[in-house]
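Only one structure is covered here, and it is reproduced in the block below.
The values are calculated or read from the model by the stated rules, or taken from the named source; none is laboratory data. The shown structure was predicted, so the numbers you read here are calculated from the model rather than taken from an experiment. Cβ placement follows ideal geometry from the backbone for every residue including glycine, while neighbour counts extend to all protein chains displayed. Please note that ligands, DNA and RNA were not included when accessible areas were found on the heavy atoms of the full protein model with its side chains. Shrake-Rupley method; radii C 1.70, N 1.55, O 1.52, S 1.80 Å.
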Amino acid sequence: MLNNDYLTIYGEQIKSRLLIGSALYPSPAVMNESIVASGAEIVTVSLRRQQSAAAGDDFWQLIKNTGLKILPNTAGCHSVKEAITLAKMCREVFATDWIKLELIGDDYNLQPDPFALLEATKILIDDGFKVLPYCTDDLVLCQRLNALGCEVLMPWGAPIGTGKGLLNSYNLKTIRERLPETTLIVDAGLGLPSHACQALELGYDAVLLNSAIAGAGCPITMSRAFKAAVEAGRFAYNAKAMPEKDVAAPSTPTMGMPFWHQE
């Protein structure tokens, strides 16, 4: 990490630009080791998806033991009422006003519902929440969410769990250019470390990963790979890439070459 090059989320400075999820791991031990290996400082959790009180208590204790900042989410919600209720429960349980707002509009590709998302965002912000909305890569939607007061936006790279990477890098790049002061985190659809690197190269501030790590053959090793990819992408963005050219240009200097070899 470059000196003083921090990820900023609602005024809080975070060193790691990789946020990690806590679902789908083959075992609690693998989850814990993968989180540690990723170097992440923020872990997402879903209150809705805990199946039993006993299992839930064990899970929360594991998460607490990581010492990381918790970002609760409203995964699985299909209505504004559901999302608002769950967000308020999360605030009580986790003692945080951060909420990753998820509202599903289509059960086939799990696409977020843009209309319900805007409605729920306004209600939660008015109630003092710091909302991190999960949305599609739609510029107008992102602008509307930003206008409501969202300092952080989380557009998808592809439908969640697909591992297809950045399906529309043009849209993502446009959002970055049009909202230069907003913290942007690519959330969902990434499958390879190169996808994360590409997102950071585009100027995105961070990525949130879950399936790409938890579903890998070795989640712990994949965590290390994504950590390195995120760092590489941020270094590349700060370094500023060479301009693309339509024609080839020799990289070998002509100084010292015979004149008949020079044009």
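Observations on the structure shown:
- About the Cα centre, charge dipole magnitude for the range 6-141 (Lys/Arg +1, Asp/Glu -1 at Cβ), debye: 360 debye
- Full-stretch length increase - Leu139, Lys81 - with 0.36 nm per residue and alpha-carbon distance subtracted: 18.3 nm
- The chain - percent of accessible surface contributed by carbon and sulfur, probe 1.4 Å: 53 percent
- Normalising the average separation of contacting C-alpha pairs (under 8 angstrom, six or more residues apart) by the number of residues puts the relative contact order of the chain at 18 percent.
- When each of the peptides 240-252, 33-45, 166-178 is scored by how many other beta carbons lie within 10 Å of its residues on average, the order from highest to lowest is 33-45, 166-178, 240-252.
- Helix 114-126 axis versus longest C-alpha principal axis of the chain: approximately 70°, rounded to the nearest ten.
- With all protein chains kept in place, the per residue accessible area of the range 98-243 amounts to 43 square angstrom at a probe of 1.4 angstrom.
- Where N is the number of residues in the range 204-245, Cα Rg divided by 2.2 N^0.38 Å: 1.45
- Principal axis dimensions, the range 1-121 - Cα atoms, whole angstrom, descending: 39, 38, 30
- Its convex hull of Cα atoms gives the range 98-145 a direction-averaged projected area, equal to a quarter of the hull surface, of 3.1 nm².
- Viscosity 1.306 mPa s, temperature 10 °C, Stokes-Einstein D of the range 88-233 from Kirkwood C-alpha radius, µm²/s: 102 µm²/s
- Length-normalised contact order of the range 1-140 in % [C-alpha pairs under 8 Å, at least 6 apart]: 17 percent
- The Rg/Rh ratio for the range 130-204, using Cα coordinates for both the radius of gyration and the Kirkwood hydrodynamic radius, is 0.94.
- Here the dipole of the chain is about 320 debye; that uses its Cα centre as origin and unit charges on the Cβ of Lys and Arg (positive) and Asp and Glu (negative).
- Computed FRET value (nearest 0.05) for Asp97 with Ala241, which takes r as the C-beta separation and R₀ as 45 Å: 0.75
- Taking the range 121-136 and a reference point 7 angstrom along Cα→Cβ of Ala147, the backbone N atoms nearer than 14 Å belong to 122.
- Quotient of Cα Rg and 2.2 N^0.38 Å for the chain, N being how many residues it contains: 1.12
- Dividing the mean sequence gap of close Cα pairs (under 8 Å, 6+ apart) by how many residues the range 73-223 holds gives a relative contact order of 16 percent.
- Residue-averaged 222 nm ellipticity for the chain, from DSSP H runs of 4+ at -39500 (n - 2.57), nearest 500: -12500 deg cm²/dmol
- Dipole magnitude for the range 86-226: about 320 debye, using +1 per Lys or Arg Cβ and -1 per Asp or Glu Cβ, origin at the Cα centre.
- Remark: the range 200-209, residue by residue, has Karplus-estimated 3J(HN,Hα) of 5, 4, 6, x, 5, 7, 6, 10, 10, 10 Hz, where x stands for each Gly or Pro and the curve is 6.51 cos²θ - 1.76 cosθ + 1.60 at θ = phi - 60°.
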